[in-house]
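Derivation of every value follows stated rules applied to the coordinates shown; laboratory data play no part. Predicted model only: the values in this text are computed from it and were never measured. Every residue, glycine among them, receives a Cβ derived from its backbone with ideal geometry; neighbour counts consider all protein chains shown.
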Amino acid sequence: MANHKSALKRIRSSATRRMRNRYQHKTARNAVRDLRATTDKKEAQAQLNNVLSMVDKLAKNNIIHKNKAGNLKSSLTKHVNAL
């Protein structure tokens, strides 16, 4: 157990950040799954901008690697264009 005030605060803030990161990552994964399941092109186009924004934010905050973000964006765009 931590003995210093700063260590206790670090534990609290780390837990808060961890929960926020998990929520954002899970939300983005669900959005990607929903976009891939979509068969209507207009609906997919509408969802694509939101999903790409989520992926960019995850990469910016180092929740996912920037190359993974690029690969995801590329594959999702190809999927929507192929509809």
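May I ask you to derive the relative contact order of the chain, considering only C-alpha pairs under 8 Å and at least 6 residues apart, and to give it as an integer percent?
It rounds to 30 percent for the chain.
Using helices alone, what [θ] at 222 nm do you get for the chain, with -39,500 (n - 2.57) per DSSP H run of 4 or more residues, divided over all residues and rounded to the nearest 500?
So the calculated ellipticity at 222 nm is -29500 deg cm²/dmol.
In terms of the ratio Rg/(2.2 N^0.38 Å) built on C-alpha atoms, what value belongs to region 5-82?
It is 1.35.
Which lysines does Lys26 reach when only Cα atoms under 23 Å apart count, and residues fewer than 8 places away in its own chain are ignored?
Output for Lys26: Lys57, Lys60, Lys66, Lys68, Lys73, Lys78.
Would you work out which of His65, Ala7, Val55 lies farthest towards the positive end of the dipole of region 5-82? Charges go on Cβ: Lys and Arg +1, Asp and Glu -1.
Ala7
Pick from Ala44, Ala69, Ala15: which is most flexible by mean-square fluctuation in a GNM of the chain where alpha carbon atoms under 10 Å apart are linked?
Maximum fluctuation in the GNM of the chain, among the listed residues, is at Ala15.
Report, in debye and to the nearest 20, how large the dipole of the chain comes out about its Cα centre when Lys and Arg carry +1 and Asp and Glu carry -1 on their Cβ.
That gives a dipole near 580 debye.
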